[in-house]
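Undergrad: Pasting in a structure now, in structure tokens, and then I'll have a few things to ask.
The values are calculated or read from the model by the stated rules, or taken from the named source; none is laboratory data. Remember, it's a predicted structure, so these values are computed and weren't measured experimentally. Every residue, glycine among them, receives a Cβ derived from its backbone with ideal geometry; neighbour counts consider all protein chains shown.
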Amino acid sequence: MKQNGKNIRSIGSKLTASIILLLLTASVAFGFFAYLNSSQAVIEQVEVTLGEKAKDMSHFIEERFNRSFAELQALATNTEVESMDPDIQQAFLQQKLDETDEYLTFAIITSDGISHYLDGTTADLSDRDYVLDAFNGKTTMSEVIISRVTNEPVIMLATPIDTVTGEDALLLARIDGYYLSEIVEEIKMGDNGHAFIINAEGTYLGHKFRERVKEQINYVELAKADGVETEESRVVSAMLAQEEGIVSYESENGTQLLGFHQLDNGWKIGVIAYEDEMLTGLYTLKVQFFIVALIIMILGIGLAVTTSLSVSRPVQAIVHMAEQLGNGDFTQEIPERYRKRKDEIGTLANTFFRLTENMKSMIIQVKRSAESVNTASVQLNRETGNVNGMSRNIASAIQQIGRGSETQMAMSEESASAVAEMSAGIQGVAELSASVAKNTDFISEKVSDGHDAIQQTIQQMESIQNGTNKATEIIKLLSKESEQIGQISKMITDISAQTNLLALNASIEAARAGEAGKGFAVVASEVRVLSEQTAESAAKINQLIDMVQRHTREAVEAAERGEDNVLKGTEVIQRLGIRFDEIIQAVHQISNEIEEMTAVSEEMAASSEEVATSIDEVAATAKTASEYVEEVTTSTDNQLQAVEEMNAFTRQLAEMVEELHSAIRKFKIE
């Protein structure tokens with residue numbers, strides 16, 4: 001047996017080694033080709049990104065140029081600049097220079113090409129290309145040049161001036177020569193990637209290393225002078241030969257990728273990325289591949305060990321089973337997974353299984369039957385006890401239900417009485433709401449008449465100066481109507497107070513109704529709120545009417561003072577018209593609130609009818625429940641007697657089950 005174990009372990013070791021070798025080879029091959037393809041894909045994507053980045057930045061720089069051109073052109077269109085008066089021009093340009101730090105200085109170039117700076121100095125720029133192009137009507141920008149004054153790089157902008165004298169002149173602006181360097185410094189590709197700008201000859205105009213701009217480095221010219229082509233000169237030559245493209249080259253910092261694009265003025269912008277930085281993610285991928293390969297090898301070892309154990313463990317289980325059968329112990333079983341195998345191990349396992357099952361079947365069957373009877377007897381005993389307790393609880397609950405039914409019948413009668421009183425109160429609210437609505441319509445009609453009279457008065461006073469007496473009569477009539485409106489508004493206030501009182505009574509009745517009256521309490525509260533809003537609106541109308549009457553008296557006095565005061569009277573009446581507009585709005589608001597209050601009253605009336613019906617149904621149900629309680633009480637007494645008899649039978653059954661278990665314990669099957 002030990003020799004067989006050694007053979008099994010030997011086969012398992014060989015199988016484990018084979019699987020590990022296969023997985024290791026596959027993992028290394030997969031990782032190598034995956035890294036190769038991934039690095040190639042990343043480089044291709046970086047090249048595309050560089051090209052797009054260079055193109056986007058060229059458009060961005062051109063937009064910056066156009067913005068600078070537009071700002072300079074806007075300055076040139078100012079009348080102070082177009083006047084060609086040196087003093088006016090200098091004062092204006094000096095002010096603009098103090099307002100911004102974008103420009104270093106300004107100058108006016110006259111038709112002879114002489115530039116006149118703000119500090120009083122002059123310079124002959126007649127031979128400069130950007131000056132000649134500007135005299136031809138273009139706004140131009142020079143390349144980076146070294147100032148003779150500061151010995152620092154500068155850029156010149158020039159634009160034509162439409163002078164009032166008709167002479168040719170240019171507005172010149174000098175900006176920092178590192179203007180382009182500041183732009184390209186904002187461009188980043190990775191940690192060390194950067195951008196630069198060269199002119200059509202290859203001279204640096206913008207770079208993060210600003211000494212290249214100040215020294216006006218041109219690698220193409222340096223290579224020609226030295227007679228030795230460098231990597232930098234080859235790259236710049238490639239840029240000058242095409243409008244856009246991608247160049248890969250080696251430097252002391254490793255492999256670099258360059259994407260470039262040509263601007264409209266012939267300059268080139270280049271964006272550099274370091275290949276090592278772009279492939280940083282692949283280094284992480286390489287580590288991940290190593291980890292995955294390690295995991296695969298660990299899984300392979302586990303697979304090999306599992307395979308060897310799948311052969312040795314079934315044999316050991318069958319041997320152990322045979323030893324137990326020899327001792328007369330039938331509690332052991334061969335696992336089902338071994339019996340399902342389609343080899344010699346499976347045949348042997350099935351043979352032992354049939355041998356033990358035939359002898360165990362009878363004992364197990366008897367034991368299961370005894371256990372089932374025991375479980376049933378215990379459960380029956382427990383259930384009968386529960387039924388006994390539940391029966392007693394039911395009897396007690398039925399008595400409580402009987403008492404509750406009587407109480408419910410009495411409460412239903414009280415609720416019906418309260419609902420009847422509340423319904424009467426709601427009907428009163430509805431009638432008052434209808435009365436208020438009718439009076440509101442009357443107010444609205446009177447207010448509209450007053451408003452029309454004011455409009456007619458204004459027209460007559462504006463068209464006919466001698467109609468002052470007639471206007472006075474109309475205003476007096478309007479004053480009387482305003483008094484009538486005040487009386488009606490007082491009536492609305494009284495009605496609103498009564499409505500509020502009725503709503504309060506309805507709330508009290510709803511509270512007396514208990515749970516069934518909660519809905520009516522909410523509706524009554526809404527009616528009370530609406531009545532309060534109506535009272536507030538009526539108060540506003542009274543205030544407006546007082547103002548109307550006061551303005552009316554002022555208009556009458558103004559009209560009586562004569563024709564000289566007609567214009568003043570017209571103004572007073574116009575204000576009166578505005579007040580009437582406010583009165584109309586307030587009356588409309590009251591009308592809407594009355595309509596809402598009427599609708600709420602109708603809803604309360606309908607709900608009160610539903611509650612009355614529900615209370616009647618509750619009373620009938622309570623009466624029926626009282627009758628059922630008596631019948632259930634009788635049935636419960638009978639059930640208690642049956643439960644006592646069942647308890648006695650359960651005790652006898654438990655004694656029989658215990659005797660059966662004593663007989664089964666003689667067999668060892670577990």
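Undergrad: For the structure I just gave you, tell me whether Val164 is β-branched (Val, Ile, Thr) and out of contact with any helix residue (DSSP H, G or I) (no Cβ under 6 Å at 6 or more places or on another chain).
TA: Considered against the rule, which asks whether it is β-branched (Val, Ile, Thr) and out of contact with any helix residue (DSSP H, G or I) (no Cβ under 6 Å at 6 or more places or on another chain), Val164 comes out as no.
Undergrad: In the range 209-220, how many are of a type outside the set (D, E, K, R) and either in contact (Cβ under 8 Å) with a residue 60 or more places away in the chain or assigned to a helix (DSSP H, G or I) (or both)?
TA: Residues that pass the stated criteria total 4.
Undergrad: Report whether or not Glu102 is touching a residue at least 24 places away in the same chain (Cβ under 8 Å), of a type outside the set (A, V, I, L, M, F, W, C) and surrounded by fewer than 14 Cβ atoms within 10 Å (Cβ to Cβ). Before the answer, list the steps.
TA: Values: touching a residue at least 24 places away in the same chain (Cβ under 8 Å): yes; of a type outside the set (A, V, I, L, M, F, W, C): yes; surrounded by fewer than 14 Cβ atoms within 10 Å (Cβ to Cβ): yes.
Judged against the criteria, Glu102 is a match.
Undergrad: Can you work out which of the residues in the range 46-89 that are of a type in the set (Gly, Ala, Ser) and buried (at least 16 other Cβ atoms within 10 Å of the Cβ) is nearest to Tyr179 (Cα to Cα)?
TA: Looking at residues that are of a type in the set (Gly, Ala, Ser) and buried (at least 16 other Cβ atoms within 10 Å of the Cβ), I get Ser68.
Undergrad: Within the bounds of the range 90-105, is there any residue that is more than 24 Å from Tyr179 (Cβ to Cβ), of a type in the set (A, V, I, L, M) and assigned to a helix (DSSP H, G or I)?
TA: yes
Listed here are the residues, each with its yes/no results for (1) surrounded by 23 or more Cβ atoms within 10 Å (Cβ to Cβ); (2) assigned to a strand (DSSP E or B); (3) at pLDDT below 95; (4) touching a Cys at 6+ places or on another chain (Cβ under 9 Å).
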| site | (1), (2), (3), (4) |
| --- | --- |
| Val149 | no, no, yes, no |
| Met156 | yes, yes, yes, no |
| Glu167 | no, no, yes, no |
| Leu171 | yes, yes, no, no |
| Ile175 | no, yes, yes, no |
| Glu182 | no, no, yes, no |
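Undergrad: Any idea which residue in the range 263-291 is farthest from Thr49 (Cα to Cα), counting only those that are at pLDDT 75 or above and among the hydrophobic types (A, V, I, L, M, F, W, C)?
TA: Checked the range 263-291; the qualifying residue farthest from Thr49 (Cα to Cα) is Ile291.
Undergrad: Please determine whether any residue of the range 221-244 is buried (at least 19 other Cβ atoms within 10 Å of the Cβ) and outside any helix (DSSP H, G or I).
TA: no
Undergrad: Within the range 186-207, which residues are buried (at least 16 other Cβ atoms within 10 Å of the Cβ) and not in a strand (DSSP E or B)?
TA: Once the filter is applied, which keeps residues that are buried (at least 16 other Cβ atoms within 10 Å of the Cβ) and not in a strand (DSSP E or B), the range 186-207 yields Ile187, Asn199, Gly202, Thr203, His207.
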